[in-house]
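Below is one structure, written out as structure tokens; comments come after it.
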Amino acid sequence: MQLRAVKRLDEPVRLHGQVVKGFGRGSKTLGIPTANLPQHALEQLPADFSTGIYFGWASVDGAGPFKMVTSVGWNPFFDNKTRTVEPHLLHEFPSDFYGAEIRLVITGYLRPEANFTSLESLIEEIHEEIRQSRSCLEE
Ligand code: ADP
Ligand code: RBF
Ligand code: MG
């Protein structure tokens, strides 16, 4: 993989909302579940916030904090029509937690959103970012 400069945000960005259903693609297609935030949570983003891949911390119904890596954007690979915030939490949960209150603190930025030539390359890239986020957050 190419080495990337990780950017710490000057001000952490906080978002919260109840976990909603998406297209079910995270676990089924990618093997990487993402807890989607409701559309109105996007209003909590600063106006100049760029779409892209970020990392930070999450809590679920007050449990945590758990490390997380999140996409904020349009998911160009899937040609989505709406902007979404979809964190993958670096924690094994015993079951789904749709409807739970999730809180995010976004502390760092990894890269802009990208399109990929294959699903395999998207999955490989996300796995690399999970490793990178883990090591950044352990510092
Ligand atoms: P959807 O398109 O509905 O978001 P996903 O396949 O992305 O479907 O699955 C997401 C759901 O999986 C989350 O809403 C959450 O309830 C559950 N889940 C289980 N483990 C995790 C995890 N480590 N990170 C994020 N979500 C998880
Ligand atoms: N989707 C894209 O279309 N392009 C991306 O560059 C991209 N990067 C992602 C990085 C991470 C760390 C995660 C968790 C997801 C990413 N996705 C990306 C989003 C992916 O398309 C999304 O999780 C699925 O659409 C399932 O909802
Ligand atoms: Mg999801």
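Nothing in this text is a laboratory measurement; each read-out follows from the coordinates by a stated rule. On a predicted model such as this, the values are computed, not experimentally measured, just so you know. For neighbour counting, all protein chains shown are included, and Cβ atoms are generated from backbone atoms with ideal geometry for every residue, glycine included.
A few remarks follow.
- As a rough footprinting exposure proxy, the listed residues Ile102, Ile123, Ile53 were ranked by other beta carbons within 10 Å of their own, and the order from fewest upward is Ile123, Ile53, Ile102.
- In the chain, helical runs assigned H by DSSP with n ≥ 4 each contribute -39500 (n - 2.57); averaged across all residues and rounded to the nearest 500, the mean residue ellipticity at 222 nm is -5000 deg cm²/dmol.
- Proximal lysines to Lys7, defined as alpha-carbon separation beneath 19 angstrom and excluding residues fewer than eight positions away on the same chain: Lys67
- Sites listed here are GluC sites (Glu not before Pro) in the range 24-116 whose DSSP assignment is loop and whose Cβ has at most 13 other Cβ atoms within 10 Å: Glu92.
- Value of Rg/Rh across the range 11-56 [Cα atoms, Kirkwood radius]: 0.99
- Residues of the chain were split at every exposed loop site, defined as trypsin sites (Lys or Arg not before Pro) in a DSSP loop with at most 10 other C-beta atoms within 10 angstrom, and the longest piece left, sites excluded, is 22-80.
- Candidate lysines - alpha carbon under 23 Å from Lys81, same-chain residues fewer than 8 apart omitted: Lys21, Lys28
- For the chain, the alpha carbon positions stretch 36, 33, 32 Å along the principal axes, listed from largest to smallest.
- Around the amide H of Asn80, modelled in the peptide plane, lies no amide H under 5 Å away from a residue 5 or more places distant or on another chain.
- Here's the picture: a label point sits 7 Å out from the Cα of Arg83 along the beta-carbon direction, and within the range 89-126 the residues with their amide nitrogen under 14 Å of it are 113.
- Between the range 117-137 and the range 1-55, the alpha-carbon center distance in angstrom: 14
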